[in-house]
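Participant: I'd like to ask some things about the structure below.
The values are calculated or read from the model by the stated rules, or taken from the named source; none is laboratory data. This one's a predicted model, so the numbers in the text were calculated from it and none came from an experiment. We place every Cβ from the backbone using ideal geometry, glycine too, and count neighbours over all the protein chains shown.
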């Protein structure tokens, strides 16, 4: 049995919203309908850093909601999901979690071997599962 999942390399994500816009355009979503949104990890507002100069930090986290289909129709045809295909920083990887040779599994293993930490959002976030967030502290 296969379980499709998403891996997000948080060190590569630039918070550009391209993944979200690719999904919106491909699936003709309404103006306020997002299957992928980008959370700013930093201050209290979008794209506001945490800290004071010169010690600032800012990063982003794509959040895939439960309506995300992982572009199952495209994957069935052997094509990449729109968000992965359009991501300019190559931060997203889809694949079969149970297949050790899938793109997701190979990338996950590579990043873990390089010292990245892994986390998943808790169930109360009501986000798509499984989504693996990997990050290496610099």
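Participant: For segment 37-84, which residues satisfy the criterion of being in a strand (DSSP E or B) and farther than 18 Å from residue 18 by Cα?
Facilitator: 50, 51, 52, 55, 56, 57
Participant: Quickly run through segment 96-109 and pick out the residues that are touching a strand residue (DSSP E or B) at 6+ places or on another chain (Cβ under 7 Å) and not in a helix (DSSP H, G or I).
Facilitator: Listed by number, the residues that qualify are 96, 97, 102.
Participant: Do we have residue 19 as within 23 Å of residue 118 (Cβ to Cβ) and outside any loop (DSSP other than H, G, I, E, B) here?
Facilitator: Against the criterion (within 23 Å of residue 118 (Cβ to Cβ) and outside any loop (DSSP other than H, G, I, E, B)), residue 19 qualifies.
Participant: Looking only at segment 69-124, which residues are surrounded by fewer than 16 Cβ atoms within 10 Å (Cβ to Cβ), in contact (Cβ under 8 Å) with a residue 60 or more places away in the chain and on the phi > 0 side of the Ramachandran plot?
Facilitator: Of everything in segment 69-124, just one residue is surrounded by fewer than 16 Cβ atoms within 10 Å (Cβ to Cβ), in contact (Cβ under 8 Å) with a residue 60 or more places away in the chain and on the phi > 0 side of the Ramachandran plot, namely 90.
Participant: Would you confirm whether or not segment 85-93 contains a residue that is touching a strand residue (DSSP E or B) at 6+ places or on another chain (Cβ under 7 Å), assigned to a loop (DSSP other than H, G, I, E, B) and at pLDDT 90 or above? It would help to see each step written out before you state the result.
Facilitator: Within segment 85-93, the first condition is being touching a strand residue (DSSP E or B) at 6+ places or on another chain (Cβ under 7 Å), and the residues that meet it are 91-93.
After this cut, where a residue has to be assigned to a loop (DSSP other than H, G, I, E, B) as well, the list is 91.
Checking which are at pLDDT 90 or above leaves us with 91.
Checked against the condition, which is being touching a strand residue (DSSP E or B) at 6+ places or on another chain (Cβ under 7 Å), assigned to a loop (DSSP other than H, G, I, E, B) and at pLDDT 90 or above, segment 85-93 yields at least one hit.
Participant: Could you list, in sequence order, the residues of segment 1-13 that are surrounded by fewer than 20 Cβ atoms within 10 Å (Cβ to Cβ) and at pLDDT 95 or above?
Facilitator: If the condition is that a residue be surrounded by fewer than 20 Cβ atoms within 10 Å (Cβ to Cβ) and at pLDDT 95 or above, then 10, 11, 12 are the ones that fit.
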